[in-house]
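K.L.:
Here it is, the structure, as structure tokens.
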Amino acid sequence: MSLKLLKPLCFFDLETTGINIVRDRIVEISILKLFPNGTRKQQTWLVNPEMPIPAEATAVHGISNEKVANEPTFKQIAHEVYTWIKDSDLAGFNSDRFDIPMLVEELLRASVDVDLKKMVSVDVQTIFHKMEQRTLSAAYRFYCNKSLEDAHSASADTFATYEVLLAQLDRYADLPREVKSLAEFTSRKDRVDFAAMIVLDEDGQPIFNFGKHKGVRVLEVLDKEPGYFGWMLGADFPLYTKKILTQIKMGTYFN
């Protein structure tokens, strides 16, 4: 295998009630954990989202309210899920923009104090879009010469993403083999939080990326307008954004 690992790499995929990071919930999560010695293990959980699953979401992933009615809530499995990933780097398809932010939001909501600074993430979709501009099903067909059966099942999508990455490594000789370098290749380097509410300016300092203070350094805003911090903590922002904002305010972010 051409993928070089210094620690485990967790491929994962989520099925959810929708695409709003703050309001929607996970209904299925699947993790495929790859170890440096080449062994792997996989686990899939159905999750009761404690809210109705919209019909349009069920039409995509096939998971109904009845199917998850007797399944555990995410809070009940949160520590088990975190145990799977806490010693690993992460990989997924569109994971940097959706799956990781959603997973972190659910973990924080379940009082699991996750911090991803020691992890890197590889977004296989970004590799694909930079190279070919397609979807996961098309990527699977293009790279692996297979049809993706049971698409939008978390388990099928997770394993397909894993196979696509291996095929990408075989196809592109100049693609990095180390996970950290792959993460750098797929990451949006100026983003501080997943929602990109806070980004880095050209001097590497956090600035707001929205609203009336867009382009202004976070610490400058909090110094001149102390109430802005409290407003953001009480408003409908992702929990991870609030966590990062607090770290910046307390001077611990760059630690």
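Any read-out appearing in this document is the output of simple, stated calculations on the displayed coordinates, not a laboratory observation. Small disclaimer: the values here were computed from a predicted structure and weren't measured. Counting neighbours? That spans all protein chains shown, and the Cβs are built from the backbone with ideal geometry, glycine included.
K.L.:
Once you wrap a convex hull around the alpha carbon atoms of segment 198-250, what is its projected area averaged over all directions, in nm²?
P.N.:
Details: hull surface 13.8 nm².
Mean projected area for segment 198-250: 3.5 nm², to one decimal.
K.L.:
What pairs from LYS7/LYS242; LYS4/LYS249; LYS86/LYS212 go past 31 Å between their alpha carbons?
P.N.:
Numbers: LYS7/LYS242 29 Å; LYS4/LYS249 37 Å; LYS86/LYS212 37 Å.
The answer is LYS4/LYS249; LYS86/LYS212.
K.L.:
Counting other Cβ atoms within 10 Å, which GluC sites (Glu not before Pro) in segment 82-160 have at most 15 and lie in a DSSP loop? Walk me through the numbers before you get to the answer.
P.N.:
Details: sites: GLU105, GLU106, GLU132, GLU149; in loops: GLU132, GLU149.
Answer by residue number: GLU132, GLU149.
K.L.:
Another question, then. Can you put ASP96, ASP190 in order of Cβ neighbours within 10 angstrom, beginning with the fewest?
P.N.:
Values: ASP96 20, ASP190 14.
Fewest-to-most ranking of ASP96, ASP190: ASP190, ASP96.
K.L.:
Could I ask something else about it? Counting only helical runs of four or more DSSP H residues, what would the 222 nm mean residue ellipticity of the chain come to if each run contributes -39,500 (n - 2.57) and the total is spread over all its residues? Please list the in-between numbers first.
P.N.:
Numbers: 11 runs with 103 residues, N = 255.
Dividing the helical sum by the residues of the chain leaves -11500 deg cm²/dmol.
K.L.:
Could you check which residue among VAL122, VAL68, VAL179 shows the biggest mean-square fluctuation in a GNM of the chain with a 10 Å Cα cutoff?
P.N.:
VAL68
K.L.:
Continuing with the same structure: From the Cα trace of segment 109-195, what convex hull volume per residue do you get, rounded to a whole Å³? Walk me through the numbers on the way to the answer.
P.N.:
Values: hull volume 11.1 nm³, N = 87.
Looking at segment 109-195, the number lands at 128 Å³ per residue.
K.L.:
So, one more: P(r) for the chain, please, calculated from all Cα pair distances in 5 Å bins and given in %.
P.N.:
Bin by bin from 0 Å, the calculated values are 1, 6, 12, 16, 17, 16, 13, 10, 5, 2, 0, 0.
K.L.:
If I model a spin label at ALA173 and SER2 as a point 7 Å from the Cα along the Cα→Cβ vector, what separation in nanometres do I get?
P.N.:
Spacing of the two 7 Å Cα→Cβ label points: 1.0 nm.
K.L.:
Right, another one. Output the direction-averaged projected area (hull surface divided by four) of the convex hull of the alpha-carbon atoms of segment 1-70, in nm². Mind dumping the intermediate values first?
P.N.:
Numbers: hull surface 24.6 nm².
Averaged projected hull area, Cα only: 6.1 nm².
K.L.:
Using a 10 Å cut-off around each Cβ, can you sort ASP123, ASP115 from fewest to most neighbouring Cβ atoms? Could the numbers behind the result be given before it?
P.N.:
Numbers: ASP123 26, ASP115 13.
Ordered from fewest to most neighbouring Cβ atoms within 10 Å, ASP123, ASP115 come out as ASP115, ASP123.
K.L.:
Here is a further query. Span-like helices, the chain: DSSP H, alpha-carbon axial extent 20 Å or more, mean Kyte-Doolittle -1.0 or greater, which ones? Walk me through the numbers before you get to the answer.
P.N.:
Working: long enough: 154-171 (25 Å, 0.20).
Once both thresholds are applied, what remains is 154-171.
K.L.:
Further question: Just the number: Rg to Rh for segment 41-113, Cα atoms, Kirkwood Rh, two decimals.
P.N.:
On the way: Rg = 13.1 Å, Rh = 13.6 Å.
Reported Rg/Rh (Cα atoms, Kirkwood Rh): 0.97.
K.L.:
Right, here's the next one. Using only Cα atoms, locate the centre of segment 102-149 and the centre of segment 183-231, then give the distance between them in Å, rounded to an integer.
P.N.:
Comparing the Cα centres of segment 102-149 and segment 183-231, I get a distance of 24 Å.
K.L.:
Within segment 147-221, report the trypsin sites (Lys or Arg not before Pro) that DSSP leaves as loop and that have at most 14 other Cβ atoms within 10 Å. Spell out each step's value before the answer.
P.N.:
On the way: sites: ARG171, ARG177, LYS180, ARG188, LYS189, ARG191, LYS212, LYS214, ARG217; in loops: ARG177, ARG188, LYS189, LYS214.
Answer in residue order: ARG177, ARG188, LYS189, LYS214.
K.L.:
Give, in whole angstrom and from largest to smallest, the semi-axes √(5λ) of the equivalent ellipsoid of segment 108-255, with λ running over the eigenvalues of the Cα gyration tensor. Could you put the intermediate results ahead of the total?
P.N.:
Values: eigenvalues 266, 59, 38 Å².
In descending order, the three semi-axes are 36, 17, 14 Å.
K.L.:
Continuing with the same structure: Going by how many other beta carbons lie within 10 Å of each one, how would you line up PHE254, PHE142, PHE210, fewest first?
P.N.:
Details: PHE254 9, PHE142 18, PHE210 13.
By the 10 Å Cβ count, ascending: PHE254, PHE210, PHE142.
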